[in-house]
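Take this structure first; my questions come after.
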Amino acid sequence: QPAKDELNRWVNNILSSFNQISHPPPSLIITSDASHVGCGAACSNISTGGTWSERECQYHINYLEILAAFFALKTFAKSSKDDHVRLMIDSTTAVSVINHMGTSHCDACHTLATENWEW
């Protein structure tokens with residue numbers, strides 16, 4: 001069923017999806033980072049962060065990096081004017097998963113990357 005849901009998402013969005021060659025300057029630049037202890041984010045000289053719950057600490061670091069980026073988006077990109085956001089993440093895996101709108105290697109990372117894009 002998850003594969004069918006993913007295919008349906010692509011079918012329903014294929015006509016409106018595109019990847020521009022050039023982009024206007026971002027309206028927001030957000031940096032985020034994660035470790036197995038906690039995460040943090042910064043935007044426009046404002047920073048936030050915290051520690052993971054006991055359950056969250058058990059996740060793979062790639063998932064935690066994507067989760068930190070998602071929390072950063074939810075914290076700093078709250079209005080419709082923030083339609084072009086640049087996420088600065090030091091994990092090449094997290095960047096790749098988000099840029100490719102998901103991954104086939106990890107269901108949890110794929111779902112979280114999709115949530116990042118939908119935000």
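The values are calculated or read from the model by the stated rules, or taken from the named source; none is laboratory data. Since this is a predicted model, take the numbers as computed values, not measurements. Heads up, the Cβs are rebuilt from the backbone with ideal geometry, glycines too, and the neighbour counts pull from every protein chain shown. Note: accessible area is taken over every heavy atom of the protein model, side chains too, but ligands, DNA and RNA are not part of it. Shrake-Rupley method; radii C 1.70, N 1.55, O 1.52, S 1.80 Å.
What full-extension length gain, to one decimal in nm, is calculated for Asn99 and Asn8 as 0.36 nm per residue of separation minus the Cα-Cα distance?
Values: separation 91, 0.36 × 91 = 32.76 nm, distance 1.99 nm.
The span from Asn99 to Asn8 would gain 30.8 nm if fully extended.
Once the chain is represented by equal point scatterers at the alpha-carbon sites, with solvent omitted, what log10 I(q)/I(0) does the Debye formula produce at q = 0.12, 0.13, 0.15, 0.18 Å⁻¹?
Here the Debye-derived log intensity ratios amount to -0.46, -0.54, -0.72, -1.00.
How much accessible area per residue does the chain have, counting only protein heavy atoms and a probe of 1.4 Å, in square angstrom?
In whole numbers, the chain has 68 Å² accessible per residue.
Let me ask something else. Count charges around Thr111 for me, please; just the other residues with Cβ under 14 Å from its Cβ, Lys/Arg as +1, Asp/Glu as -1.
Values: positive: Arg9; negative: Asp5, Glu6, Asp107, Glu115, Glu118.
Net local charge, Thr111 excluded: -4.
Counting only the heavy atoms of the protein chains, how much of Glu118 is accessible to a 1.4 Å probe, in Å² to the nearest 10?
Here the accessible area works out near 130 Å².
Give, as a single signed number, the net charge of other residues whose beta carbon lies under 15 Å from the beta carbon of Ser91, with Lys and Arg counted +1 and Asp and Glu -1.
On the way: positive: none; negative: Asp33, Glu65, Asp90.
Neighbourhood net charge equals -3.
If you roll a 1.4 Å probe over the chain with all protein chains in place, what percent of the accessible area is carbon or sulfur? Working shown, then result.
On the way: 4510 of 8090 Å².
It is 56 percent, rounded to a whole number.
Per q in 0.28, 0.31 Å⁻¹, report the Debye log10 I(q)/I(0) for segment 15-71, using one uniform scatterer on each alpha carbon and no solvent.
These q points yield log10 I(q)/I(0) values of -1.07, -1.22.
Using θ = phi - 60° and the Karplus form 6.51 cos²θ - 1.76 cosθ + 1.60, what ³J(HN,Hα) does each residue of segment 34-51 get, whole Hz, x for Gly and Pro?
Each residue of segment 34-51 in turn: 9, 9, 6, 8, x, 9, x, 8, 9, 7, 6, 6, 10, 10, 8, x, x, 9 Hz.
Follow-up. With a 10 Å cut-off between alpha carbons and a GNM built on the chain, which of His23, His60, His36 moves the most?
Among His23, His60, His36, the largest mean-square fluctuation in the Gaussian network model of the chain belongs to His23.
Towards the positive end of the charge dipole of segment 40-96, with charges on Cβ (+1 Lys, Arg; -1 Asp, Glu), say which of Gly49, Thr92, Leu73 has the farthest Cα.
With unit charges placed on the Cβ atoms, the residue in question is Leu73.
Below 8 Å between Cα atoms, with a sequence gap of 6+, how large is the relative contact order for the chain in percent?
Relative contact order here is 25 percent.
So which cysteines in the chain don't have a second cysteine's C-beta under 4.7 Å from them?
If one checks each Cβ against the other cysteines of the chain, Cys39, Cys43, Cys57 turn up with nothing under 4.7 Å.
Relative contact order of segment 1-50, please, whole-number percent, based on alpha carbon pairs below 8 angstrom and at least 6 residues apart.
Working: 29 pairs, mean separation 9.6, N = 50.
In percent, rounded to a whole number, it is 19.
Take Ser35 and Ile61, extend 7 Å from each Cα along the Cα→Cβ direction, and tell me the distance between the two endpoints in nm.
1.1 nm
Restricting things to Cα coordinates, could you compute the convex hull volume per residue of segment 47-107 in Å³? Present the calculation step by step, with values, prior to reporting the outcome.
On the way: hull volume 6.6 nm³, N = 61.
Residue-normalised Cα hull volume stands at 108 Å³.
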